[in-house]
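The values are calculated or read from the model by the stated rules, or taken from the named source; none is laboratory data. Bear in mind that the values here come from a model prediction, so they are computed numbers and not experimental data. Every residue, glycine as well, gets a Cβ built from its backbone with ideal geometry; the counts of neighbours run over all protein chains shown.
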Amino acid sequence: MSPTPFLVLSALLFSIGTLGVLVRRNAIVVFMCVELMLNASNLAFVTFARQHGNLDGQIAAFFVMVVAAAEVVVGLAIIMTIFRTRRSASVDDASLLKY
Amino acid sequence: MIPLADRAFDAPHLNYGRLSPLLIVFGVALAGVLVEAFAPRRLRYAINTVLSLVGLLAALIAVVLVAGDAPSHHGGVSLGSLEAVGAIAVDGPALFLWGILLVFGLLSVLLFAERHLEGGLTAFAGQAAALPGTDAEREAASRGVEHTEVFPLMMFALGGMMLFPAANDLLTMFVALEVLSLPLYLLCGLARRRRLISQEAAMKYFLLGAFSSALFLYGIALVYGFAGSFQLAAIDTAISARAGATSMLLVGMGLMAVGLLFKVGAAPFHAWTPDVYQGAPTAVTAFMAACTKIAAFGALLRVFYVAFGAANWEWLPVMWVIAALTMAVGSVIAITQTDVKRMLAYSSIAHAGFVITGFVGVQSAAEVGDTQVTSLQAVLFYLVTYGFATIGAFAVVTLVRDAGGETTHLSRWAGLGKEAPVLAGVFAFFLLAFAGIPLTSGFTGKWMVFAAAWAGGAWPLVVVAVLMSAVAAFFYVRVIVLMFFSDPVGDGPTVAVPSILTTAAITVGATMTLVLGVVPQPVLDLARQAGQFIR
Amino acid sequence: MIAFWILAPLMVVCALGMVVSRKAVHSALMLAVVMVSLAILYAAQDAPFLFAVQIIVYTGAVLMLFLFVLMLVGVDASDSLVETLRGQRLLAIAVGLLFAIVLVAGLAQVTVGAVVGLDEANIDGNVPGVARLLFSNYVFAFEVTSALLITAAVGAMVLAHRERLSAKPTQRDMALQRMRDYADRGVHPGPLPGPGTFARHNSVDTPALLPDGTPSELSISRVMRARGTVRDVEADRAAIARVDDETNVLRGGGDR
Amino acid sequence: MDSISSLLALIIAIPAASAAVLLVGGRWTDRWGHVLGTLAPIASFVIAVLAFLDLQAGGGEPLQQHLFTWIDVNSFQVDFDLLFDQLSALFVLLITGVGSLIHVYSIGYMAADPRRRRFFGYLNLFVAAMLTLVLADDYLAVFLGWEGVGLASYLLIGFWQYKDSAAVAAKKAFVVNRVGDVGMALAIMLMFASFGSTSFAGVAEGMESASAALATALGLLLLLGAAGKSAQVPLQSWLLDAMEGPTPVSALIHAATMVTAGVYLVTRSHFVYAETEVAQTAVVIVGLVTLLWGAVIGCAKDDIKKALAGSTMSQIGYMMLAAGIGPAGYAFAIFHLLTHGFFKANLFLGAGSVMHAMNDDVNMRRYGALRAALPITFITFACGYLAIIGFPGLAGFWSKDRIIEAAFNENVYIGVGALIGAGITAFYMTRLMIMTFLSEKRWQRDVHPHESPLVMTAPLVVLAAGSVVGGALLLNNWIVEWLEPVVGVEEHHEALLSPLLITLLVLAMVAAGIVVAFLIYRRDKISPEAPTRVSLLTRAARADLYGDAVNEAAFMRPGQQLTRSLVQVDNRGVDGAVNGLAALVGGTSGRVRRWQTGFVRTYALSMLAGSALLVLGLLAVRLA
């Protein structure tokens, strides 16, 4: 089976993720979109692994999951902190630093 | 199917000796976490400070020892070896970068540990989980509670920074990127004063950092798709073999470049830099500005010279544009800044542009030859000069204070020359170094990268760079004028008397800035001995 | 392949739904669908180990964490989707489309390459194959991920865990405090009045009535008042009175 | 000889060390700081004299001292060497000699200033940097001194920091100088890239096989650097403003030493200009334009220091002109530079003495008839005056005359230009003299002029003596032969006009200038109005002129028109360009900085747009 459909799907998911980062204000949703981007990369890794016939791509996907898990913990902790201080999870509200 | 037992697994051999600098730093970080878990609260600060300092010194010694008997590679052209089953290149540039990262790490630890400025406490939040301005926060402060976790976090970040430019495959590099980033996201949000902007900085850094590492990761995926391997050497082989590089490779290369350029703060991926530098605790800013940049440049050079070296004519034009844009954005925007930390942040962007200028110069003179300074060496040298001045400058920023903590608005710095002539003089000296005035390290550093770039045929870029350093000189001098030639507004800032720790950091920074301007030769020799990347 | 053609449109729709849904919880659930579908695609591409890890780590752990935080933040809060930054949405869509086109164009070339397939690599089974690679070529990266996990744990503790700096007050302390407050400031020492005098359903949003007929402010949680969900006693009273009147009129009419 | 060579470093080190002591030492050096600061350049001067004698005795072999290797990367090496050859020798003597006198003078001039010690620190710093500039034997090391003098000059111009105008002037000087520095830096880069060396010897060697285009580029870039430092058109605007600094600074930096660095650079780089007609011509044109420009501006200023500053520009224009002519002119450029160093320092210090007497008023319209009140100042000033206008026998006569002669040999138009310059010089200097020392009293109330103390007048006397006898350097063609080993032999030119005729022409021109000045200002009707009321002034001037309709019709009105328009061009045009550039950069900055909106999503958008463009760029390169 040709890998192209998988790759196109992965590219689409990745692009949707980037779009989400740009248009959503809720920090948690923005972060979900980043997770979607990571997942899309994983799909590409797994597909390429099959194409090249080595397992390195699958290892990469495995590492990405570990990294994502750690990142989620740190990210959500930061978002929680800022939510507790400002009672808002909107990324637009945090804009004291500018110019 | 062959039974598993028949295909015995050879446990990989790790040469712990050669990896010892990395292992020591990670070990210290782990020990620091254990201290946090088990030591009584009042001892944690002392134990962690001493542990970090001793650990970094030990790692530095280990770097020297490893460098001392590094095997020669490629018949003496470069030295070093591939370790950890080819995942890590312990070569000249990597050892050099490890050395300077550890030195700057040491200076940063000194700033982290400073306790004289906040009435016996560090500059980090007492209870990060307590809401700003509540009783809980005040109680934490009055009881002398502080987050000594910053020391292990910093060690983890430093470990990641050391691994990042030494990683010889993209996967290790990605993991290293995250290892260095995550603790920094956390550290940014831990300021004791001005919690709101500190948290905002953490969130911005985190979201944009996660975004950029996702782009970086997708780039890795595409490059893997092109080459079928994560090994830098294998990618190089794949690129050389298929002369007509496919567009997939280029897209992947571009996305990887985005991730790396984000970390070095190059335009148009610089937007996080001023906000994060301003919001983060100043000690963390100093650490980030010096060490992250070094690590990211190390990785950028390794990836683009080793893995993508064969396709350099394709990425060079784009890098030219980025270098010019970065210098312009940094220098021009800095002119109208009113906050010292923000101005230094833009200045760091401009410096990233200068480094990229050196980085670009090189490869177009495909055979760098041994008659000229290679751009790798020039960049390594520049990073040393920049690091000392940056840490010193931010250390000075921590000392100028008023009732609300550090006072970073430029108008409050007016007349500092009368208030504290020595401190203002030292700061002015750092600014002159940033401006590249002769007899400071900034001049020799700039000279080296510009020379490398010019030798590599990037002379239009050098013209832009010289023009931009002229523009940049203007805003550095503006601050000097403000400090020495203006009257203080109101009561003027007070200059806190630091402990030996910050004093030492500033002294080392200033001394090295002077020494590297007058006798740069020893460090240049070291950079030269670092030779080239191995693959 | 059939699985792919069924799942792919679903995934794209869900991904888009994640971006456009007003409620963060819905976004999370859509993301869950995408992740589970991805797991199936992994299985379809000879990656059974990843299939399991994807479900366990992503859907099981990561997504649960997201939902957990959403609960803390307020699960039914829905976001306004009106764009407040001028030009942001338009530019975002334009740039996003451009980016998607570039990516797809870059990837479309892959068709030329022959697919090797994983039959040989998976000859010992997928899990041993992965393990072999993980503990040889990538052993250092594997070890270093421990640093990541420790960082994450320390970070979560630092940012979210508040240490108790003074001893927790006992019941006796609290009782004494209550009496002191009563003595000093006249704060009512007993339990607060319960709500629901007019309750026509088992509701906490209706205040109790004091003996003089006025609603008791204390009987309603402050949070509810802040949210504006407290029932208006006077309106209820008026409504009841109206009903009574009507009944009276009706009754009176019957009498006549 | 070796012993003297090894002392060369001390010439720089002594003032540098003194500066360090004064600036770092803080208040406890207040009491004796000025003494130390003055002894330092004197000590350097003594060593310089010894070295000079040694050089003379040693048959012209330059003295060299290797200090250390600054940068050594593979084949590229920058040594920090000192070179004391015939050219540097003259400069070192001028800098330390005149410098010492100015230091002595400053003891008196700055006596009342509470920050005198710091002032001497900066002066020493300047002297050290200037000596580095002229003693270095490598362009990169020259650049070091170059930046150093820029910095010191910046600190000194802004020394009276409480004056807003001083701070602005300092900033302007810095900005304009940076423009020149860019040229210099690029020139050095170009040398390094082309020859792999930046030492004088290395570049000279490389030039032999260099292409004409390379030589032209180098020449023009160096000229840009020289123009910035020497206040030549179009980078001249900072010099007038720089007069905000204390007067000794104007004398030392903006008359005798720093502003001549450009001439030094061009002369030193004679091997570059030898290969390029274009750059040489550019030097000549820049020199000529500045010569006239500065002279005309000198006619219009009522501020005594600014009038002198205009004159400085003009005189340096002469030097540039001479240097641009080539081997025939180098020696005269340096000769004029030396004599100018004497008489212009003399004039500036004299002006300082006048200001000292007049409560720091600089407006000449409020001077007048000071010859009796300030006899020593008057006599010394008169010596300087006669020297600068080229009164026969005095220093300026010899040096300027030779430059005009060389200009005529080069090209008759250039000669005429230089000749006219001499006439205008005579005019504005006479005007200055009349307004200050002759004519009637126009003093403000509370002004009681008194002669300055001995510590100030003594240097004046020495400098005046120098102005009178400075021409002696030309005896037996000494200076030409002295500089021959450095700048090469003068080719023999077919003289266009006989030297005697030129001398007579010059004298006639000078006489005309003096006469015109006397005609205009003879009636002692100089208005003492404040310069802020310009319209009144103009009207007063008009009324004065109507009395002499012939004068007006002949050249006063067109002359005044020219003067005014040129000053306009200078204030609006050139200044405008500099300020406009600064405003442009600042404005761009202000606008671009708004893109940093503070919204993280905007940042993400810019990143994504950047990545898309980056990737597209990569693809485009591949397709291209």
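A compact table of results
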read-out: Every residue from segment B:103-130 that is under 15 Å from B:PHE388 (Cα atoms) and either touching a Pro at 6+ places or on another chain (Cβ under 7 Å) or of a type in the set (Ser, Thr, Tyr) (or both); value: B:SER108
read-out: Filter result (buried (at least 24 other Cβ atoms within 10 Å of the Cβ), part of a helix (DSSP H, G or I) and more than 7 Å from every other protein chain (Cβ to nearest Cβ)) within segment B:449-463; value: B:VAL449, B:ALA452, B:ALA453, B:LEU461
read-out: Set B:ALA324, B:ALA345, B:ALA299: member being out of contact with any Pro (no Cβ under 8 Å at 6 or more places or on another chain) and small (Gly, Ala, Ser); value: B:ALA324
read-out: Of the criteria (1) surrounded by fewer than 23 Cβ atoms within 10 Å (Cβ to Cβ); (2) under 16 Å from D:LEU252 (Cβ atoms); (3) not aliphatic (A, V, I, L, M), which one D:GLY99 fails; value: (1)
read-out: Odd one out for A:SER88, checked against (1) away from chain D (no Cβ under 12 Å); (2) assigned to a helix (DSSP H, G or I); value: (2)
read-out: Matching residues, segment C:109-129, being in a helix (DSSP H, G or I) and either more than 7 Å from chain A (Cβ to nearest Cβ) or modelled with pLDDT of 90 or more (or both); value: C:GLN109, C:VAL112, C:ASN126, C:VAL127, C:PRO128
read-out: Number of the condition not met by B:LEU57 [criteria: (1) of a type in the set (A, V, I, L, M, F, W, C); (2) within 14 Å of chain C (Cβ to nearest Cβ); (3) closer than 27 Å to B:GLY92 by Cα]; value: (2)
read-out: Qualifying residue in segment B:228-243 (condition: under 22 Å from D:VAL600 (Cβ atoms) and touching a residue at least 40 places away in the same chain (Cβ under 8 Å)); value: no
read-out: Spans of helices (runs of 4 or more DSSP H) in segment D:554-624 with at least 2 residues modelled with pLDDT of 80 or more; value: D:575-593, D:600-623
read-out: Selected residue [of a type in the set (A, V, I, L, M, F, W, C) and closer than 21 Å to D:VAL510 by Cβ] from D:LEU370, D:LEU394, D:LEU460, D:LEU454; value: D:LEU394
read-out: Residue satisfying all of: in segment B:479-510; over 26 Å from the mean Cα position of the chain (by Cα) and part of a helix (DSSP H, G or I); nearest to the other protein chains (Cβ to nearest Cβ) among these; value: B:PHE485
read-out: Candidates C:VAL20, C:VAL73, filtered to the one that is closer than 20 Å to A:ASP92 by Cα, within 8 Å of chain A (Cβ to nearest Cβ) and in contact (Cβ under 8 Å) with a residue 24 or more places away in the chain; value: C:VAL73
read-out: Unmet criterion (only one of (1) touching a residue at least 24 places away in the same chain (Cβ under 8 Å); (2) assigned to a helix (DSSP H, G or I); (3) within 14 Å of chain C (Cβ to nearest Cβ)) for B:GLY99; value: (3)
read-out: Options C:ALA175, C:ALA141: the member that is small (Gly, Ala, Ser) and in the same structural domain as C:ALA43 (by TED's automatic domain parsing); value: C:ALA141
read-out: Yes/no for C:THR84 being of a type in the set (S, T, N, Q), buried (at least 18 other Cβ atoms within 10 Å of the Cβ) and more than 14 Å from chain B (Cβ to nearest Cβ); value: no
read-out: Single residue of D:SER498, D:SER439 found to be free of Cβ contacts under 8 Å to residues at least 60 places away in the same chain and either closer than 30 Å to D:TYR109 by Cβ or among the hydroxyl-bearing types (Ser, Thr, Tyr) (or both); value: D:SER498
read-out: Filtered residues of segment B:35-84 (kept if crowded, with 18+ Cβ neighbours inside 10 Å and on the phi > 0 side of the Ramachandran plot); value: B:GLY80, B:ALA84
read-out: Set B:PHE388, B:PHE427: member being in contact with a strand residue (DSSP E or B) (Cβ under 9 Å, 6 or more places away or on another chain) and surrounded by 24 or more Cβ atoms within 10 Å (Cβ to Cβ); value: B:PHE427
read-out: Any hit, segment D:174-197, residues being in contact with an Asp or Glu (Cβ under 7 Å, 6 or more places away or on another chain) and either more than 10 Å from chain B (Cβ to nearest Cβ) or in contact (Cβ under 8 Å) with a residue 60 or more places away in the chain (or both); value: no
read-out: Test: residue in segment B:224-236 that is under 26 Å from B:ALA295 (Cβ atoms) and in a loop (DSSP other than H, G, I, E, B); value: yes
read-out: Elements of type helices (runs of 4 or more DSSP H) in segment D:197-303, at least 3 residues being on the phi < 0 side of the Ramachandran plot and out of contact with any Leu (no Cβ under 8 Å at 6 or more places or on another chain); value: D:200-207, D:212-229, D:237-241, D:270-273, D:277-300
read-out: Failed criterion for C:ARG89 (all others in (1) at the interface with chain A (Cβ under 8 Å from one of its Cβ atoms); (2) closer than 25 Å to A:VAL67 by Cβ; (3) part of a helix (DSSP H, G or I); (4) not β-branched (Val, Ile, Thr) hold); value: (2)
read-out: Residue ID - nearest to the chain's Cα centre (by Cα), chosen from residues in segment B:317-336 that are among the hydroxyl-bearing types (Ser, Thr, Tyr) and under 16 Å from A:TYR99 (Cα atoms); value: B:SER331
